[in-house]
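The structure under discussion appears below in the form of structure tokens.
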Amino acid sequence: MIQPNDHVAVGVSGGKDSVALLVAMARYQKFSPVPFTMTAITLDPGFHGEGDYSDIETLCKELEVPYVLYLTAGLVPWFYFTEALTNGTTALL
């Protein structure tokens, strides 16, 4: 599936599944016969303020995997607009 010189993005939420995938991919990268690069990415939806992703950042440094954190606070997801339109409220519009 991975082709030579591909760049793989690994989504990391901080949960055990995504962290396990990140560690597995970092280990696979070291022994893979196919050369590829990868980046770990976290999307913070900002529902409860800014999250603490320092543990993920530390792990990425230990694994030597670049880490990108996107803060999406302030962006209103489409389902809020749909709900507002359905319920007749304009509070979020």
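The values are calculated or read from the model by the stated rules, or taken from the named source; none is laboratory data. Note that the coordinates shown come from a computational prediction; the quantities given were computed from them, not determined experimentally. The protein model used for the area step is the full one, side chains on, heavy atoms only, and it has no ligands, DNA or RNA in it. Shrake-Rupley method; radii C 1.70, N 1.55, O 1.52, S 1.80 Å.
Roughly speaking, what is the stretch gain from S18 to S32, that is 0.36 nm per residue apart minus the C-alpha to C-alpha distance, in nm to one decimal?
Full extension from S18 to S32 adds 3.0 nm.
Working with all protein chains in place, sort L71, L22, L59 by solvent-accessible area computed with a 1.4 Å probe, largest first.
L71, L59, L22
Not counting ligands, DNA or RNA, and with a 1.4 Å probe, what is K61's accessible surface area in Å² rounded to the nearest 10?
Surface open to solvent at K61 totals about 150 Å².
Length gain on complete extension for the stretch H7 to T58, per 0.36 nm per residue less the alpha carbon to alpha carbon distance?
This chain segment gains 16.2 nm when fully extended.
Collect residues whose amide H, placed 1.01 Å from N in the peptide plane, falls under 5 Å from the amide H of V8; neighbours closer than 5 in sequence don't count.
T37, M38, T39
Which value results for Rg/Rh of the range 1-60 when Rg is the Cα radius of gyration and Rh the Kirkwood radius based on the inverse mean 1/r?
1.04
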